[in-house]
Amino acid sequence: MTRAQCPSAFRTLALSVVGALAVSGLAAAAAVDPEAVTFYRDVAPVLQQECQVCHRPNGANLGGMVAPMALTTYEETRPWARSIARQVATRAMPPWDASPAHNGVFSNERTLTQEEIDLIVRWAESGAPAGDPADAPAPIEWPSSGGWLIGEPDLVLQFDEPFWVEDDVDDLYIYRKTTVTEDMIPEDRFVKAIEFRPGSPAVHHIIVPGLGGIAPGNDPVIHTDGMADVLKAGRDLTWQMHYHKEPGEGTGSWDQSQVALKFYDSEDDVKYEVFNADMGKYDFAVPPGASDYTIQTEWTFPTDSEIVGYLPHMHLRGKAAKYEAHYPDGSHEVLLDVPNYDFNWQTTYKYEERKKVPAGTRVVLTTVFDNSEDNPANPDPTATVRWGEPTTDEMSFGFMSYINDENKGHVAFSGDGDGLDLTAVVAFSDESRDGKMQLEEAPGGVKQYFEMMDQNKDGAVDMEEAKAANAFLKQMAEQRETDERAGRRKKAL
Ligand code: HEC
């Protein structure tokens, strides 16, 4: 997952602790007489297994999403009974946006059975009785306050200097640096688990190339045994920080966000580096009021591979996401359907059992945007929305991590060939947000090609021109490859 060029790298593939703790099978409770549903005997076990990882004192901080109340005792839970019944009946809680068709497929699944939902609703409707404390399950020993969900870390990194987020900050993007010294790691280490911890309530997202990042609702990354990211020794880490808050007196705060890491003991334990296919598109404009604006991108597996998981990423107008596989034999399968995407829950869908796909499998990502007034999260239905980092602009990404036996990664932005994607360069550079890159907006390395790219000579490079340049680059690369092969053949002769 460290190979991608995409800066919005919320490519944290997470084994949720929630998932690890979730034990289903409270079906027995469903058989209970409705009159007799009690907190201690019937409801507490469900809360323990499905809710308390977040709803407890010092509960999980998933990228800034912290549950507002604890649900560990009767006294804490009783005042919320009605609200709990509503939240579980509408399946708003526990948070999990994938279609029920995938139940049982992903290891970090957070869902209740219909029996569990009915039980909680009946309990709330019957006056939320306590019952007999002797019936209660033994309380779960959660890690002590300040504990990391990934367990005791081997290394905790934070930026070299704390940063003051001023009172008048509304949206702010900055870069911070951490020097990874030889004292910390004398040689490259293989990373087993990664957990980010925002250092201030103003932190909206964090991206650290190489280690992924965190956005609201992200779980920590705990790789399955044998899979790893790599932390390079003696190399500076750059943090891209996005702060977002209501400006105002007294709203400023210090930030020194942290990332905790667990390493594999030995390189021998590592079988696979995890690679990431970023299906993404930079070249789009969602019209004002559009309620079903659809973007499709695709990516083809070059070798037999195993998919580890998915992370669809959109912003406030994101409505739905779907990954579909088209197999070489002509058959077709929906891999992941997220019919009600919620920006607040950037969930990674991680397979219980990795999905094997043959070489040539084409994965199509469909993202749908709602820029109408009917989308309550929509900050401005009158705007034309293009690619951009602020949440008021949009993104259309489908991260997909995979491993293969050749242990060889292959990262591509779909459509436009491998390597540098000039539509991405245009989207990134377009500070004036008119959908084009002006000469003064162009990054240094690209300026020299500006004239070549600006085919209609209007002083700006638009998306069509960027695509034409991509096609040209791709052709050049293919030519090079052919030449090289020809060269190799010559040598062989
Ligand atoms: C992954 C973490 C997580 C899990 C698991 C979880 N919650 Fe929540 N819950 C939250 C967060 C964060 C909020 C506040 C933000 C929101 O509403 O989305 C919340 C909000 C709520 C609210 C609304 C509180 C209010 O202010 O009105 C209720 C009720 C609730 N949760 C009940 C539950 C129940 C019951 C379960 C288990 C069946 C559960 N939650 C599982 C994180 C979680």
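The values are calculated or read from the model by the stated rules, or taken from the named source; none is laboratory data. Just so it is clear, the structure is predicted and the values come from calculations on it, not from any experiment. Heads up, the Cβs are rebuilt from the backbone with ideal geometry, glycines too, and the neighbour counts pull from every protein chain shown. To get the accessible areas, we keep the full protein, side chains included, count just its heavy atoms, and leave off ligands, DNA and RNA. Shrake-Rupley method; radii C 1.70, N 1.55, O 1.52, S 1.80 Å.
Can you list the HN-Hα couplings for segment 195-208, worked out from phi with the Karplus curve (6.51, -1.76, 1.60; θ = phi - 60°), rounded to whole Hz and with x for Gly and Pro?
9, 8, 9, x, x, 8, x, 7, 5, 9, 8, 10, 10, 10
Under a crude label model (7 Å from the Cα following the beta-carbon direction), how far is HIS326 from GLU75 in nanometres?
Each label point lies 7 Å from its Cα, and together they span 6.1 nm.
Which FRET efficiency value, to the nearest 0.05, do you get for ALA92 and ILE174 by plugging their Cβ-Cβ distance into 1/(1 + (r/R0)^6) with R0 = 41 Å?
0.75
Could you please state how large a percent of the accessible area of segment 104-172 is carbon and sulfur, counting protein chains only and using a 1.4 Å probe?
49
Which of the lysines could a cross-linker bridge to LYS262, judged by Cα under 16 Å and excluding same-chain residues fewer than eight apart?
LYS192, LYS232
Leaving ligands, DNA and RNA out of it, report the carbon-plus-sulfur percent of the accessible area of segment 273-484 at a 1.4 Å probe.
Within segment 273-484, the accessible surface is 48 percent carbon and sulfur.
Evaluate the charge dipole of segment 273-484 about its Cα centre and quote only its size in Debye, nearest 20, assuming +1 on the Cβ of each Lys and Arg and -1 on the Cβ of each Asp and Glu.
Details: 18 positive and 41 negative charges, 54 e Å.
In debye, rounded to 20, segment 273-484 gives about 260.
Using the heavy atoms of the protein chains and a 1.4 angstrom probe, tell me the accessible area per residue for segment 273-484 in square angstrom. All intermediate terms of the calculation are to be shown ahead of the outcome.
Details: 9340 Å² over 212 residues.
Here the per-residue accessible area is 44 Å².
With θ set to phi - 60° and the Karplus curve 6.51 cos²θ - 1.76 cosθ + 1.60, what are the ³J(HN,Hα) couplings of segment 240-256 in order, to the nearest whole Hz, using x for Gly and Pro?
Values per residue, Gly and Pro as x: 9, 10, 10, 9, 8, 6, 6, x, x, 4, x, 8, x, 7, 7, 10, 9 Hz.
Which FRET efficiency value, to the nearest 0.05, is calculated for ASP292 and GLU333 with the Förster distance at 25 angstrom and r the Cβ-Cβ distance?
According to the calculation, E is roughly 0.60.
Cross-link list LYS355/LYS467; LYS447/LYS467; LYS319/LYS350; LYS322/LYS447; LYS271/LYS356: which exceed 27 angstrom alpha carbon to alpha carbon?
LYS355/LYS467; LYS322/LYS447
For HIS315, what residues show an amide H to amide H distance below 5 Å, using hydrogens built from the backbone and excluding near sequence neighbours?
For HIS315, the qualifying residues are MET395.
Residue by residue through segment 214-222, which ³J(HN,Hα) values in whole Hz follow from phi under the Karplus form 6.51 cos²θ - 1.76 cosθ + 1.60 (θ = phi - 60°), with glycine and proline marked x?
These are the phi-based 3J(HN,Hα) values: 8, 10, x, x, 6, 8, x, 9, 10 Hz.
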